[in-house]
1. Condition test on residue 144, is it of a type in the set (Ser, Thr, Tyr), at pLDDT below 90 and under 14 Å from residue 98 (Cβ atoms)?
2. On the basis of being loosely packed, with under 13 Cβ neighbours inside 10 Å, modelled with pLDDT of 80 or more and not charged (D, E, K, R), does residue 93 make the cut?
3. Of all residues being surrounded by 12 or more Cβ atoms within 10 Å (Cβ to Cβ) and either modelled with pLDDT of 85 or more or closer than 30 Å to residue 167 by Cα (or both) in the range 118-140, which is nearest to the chain's Cα centre (by Cα)? Just the residue, please.
4. Within the range 142-153, identify whether any single residue is acidic (Asp, Glu), over 26 Å from residue 32 (Cα atoms) and open to solvent by 100 Å² or more (accessible area, probe 1.4 Å), and answer yes or no.
5. Give the residues of the range 1-45 that are of a type in the set (S, T, N, Q) and exposed (fewer than 10 other Cβ atoms within 10 Å of the Cβ), sorted by residue number.
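The values are calculated or read from the model by the stated rules, or taken from the named source; none is laboratory data. Note that the structure is predicted; figures quoted are calculated from it, not measured. Quick reminder, even Gly has a Cβ in these numbers, built from the backbone with ideal geometry, and neighbours come from all protein chains shown. Each accessible area value is taken on the protein alone, full model and side chains, heavy atoms only, with ligands, DNA and RNA left out. Shrake-Rupley method; radii C 1.70, N 1.55, O 1.52, S 1.80 Å.
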Amino acid sequence: ATFTILGRIRMYVYDKMEPIAPKIFSYFRSGDILSRVVSDVDRIQFFFLRVVYPPLVMIAVFLCTMIFMINFSLGMTFLLIIGLIIASIVIPAVFAALLKKGYPNMREKNSHLWNHATDILYGFVDLKTNLRLNSKSEALEKASEQLIAAQEKSNIIEMRAETISFFVSLVITWGVLFIGTYQVVTVSLNGVFLAMLV
């Protein structure tokens, strides 16, 4: 579904840009336009894969789990609600804000890389003739390194978010185990169900 949507968005963007291409080229370089069409549209897939679909699946699974869990333990159900709020709302919101700060910087670095790459591709003969190919290649390599560094920072932030979310889910799992063990000891829960609930 996402790839179909992306294909339609690319066609839509191209159809809108084609009639005004001369005007666009007076404001943007071809590498910058190519970067925006390819990279920015590709980023939209993450909107669907990470923003639209996960909450829908999460809500469906969460509601089913809550309905199932409430039959066994109100305490475990309450603990899972707290865990869900922390792991799926609080932590992503904090780290999304951190990632948003670096996003304009990454777009700029990506644009620089595409500009240098298209300059080399389209102007190879001219650059070679004027002995400017080496300096342009070095600029391309530097732009690539800067983009890689920005992507690494972004990946580190994402990995920290995943690690903290995993830690929260682990704490919630131990909490469910603790509550379940207490209920088994007090004979308010059959011990057979404890492993299933954890």
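1. Working: of a type in the set (Ser, Thr, Tyr): yes; at pLDDT below 90: yes; under 14 Å from residue 98 (Cβ atoms): no.
No: the conditions fail for residue 144.
2. Values: loosely packed, with under 13 Cβ neighbours inside 10 Å: yes; modelled with pLDDT of 80 or more: yes; not charged (D, E, K, R): yes.
It is true that residue 93 is loosely packed, with under 13 Cβ neighbours inside 10 Å, modelled with pLDDT of 80 or more and not charged (D, E, K, R).
3. Here the answer is 139.
4. The initial filter retains those residues of the range 142-153 that are acidic (Asp, Glu), namely 145, 152.
After this cut, where a residue has to be over 26 Å from residue 32 (Cα atoms) as well, the list is none.
Among the residues of the range 142-153, not one is acidic (Asp, Glu), over 26 Å from residue 32 (Cα atoms) and open to solvent by 100 Å² or more (accessible area, probe 1.4 Å), which makes the answer no.
5. Once the filter is applied, which keeps residues that are of a type in the set (S, T, N, Q) and exposed (fewer than 10 other Cβ atoms within 10 Å of the Cβ), the range 1-45 yields 4, 26.
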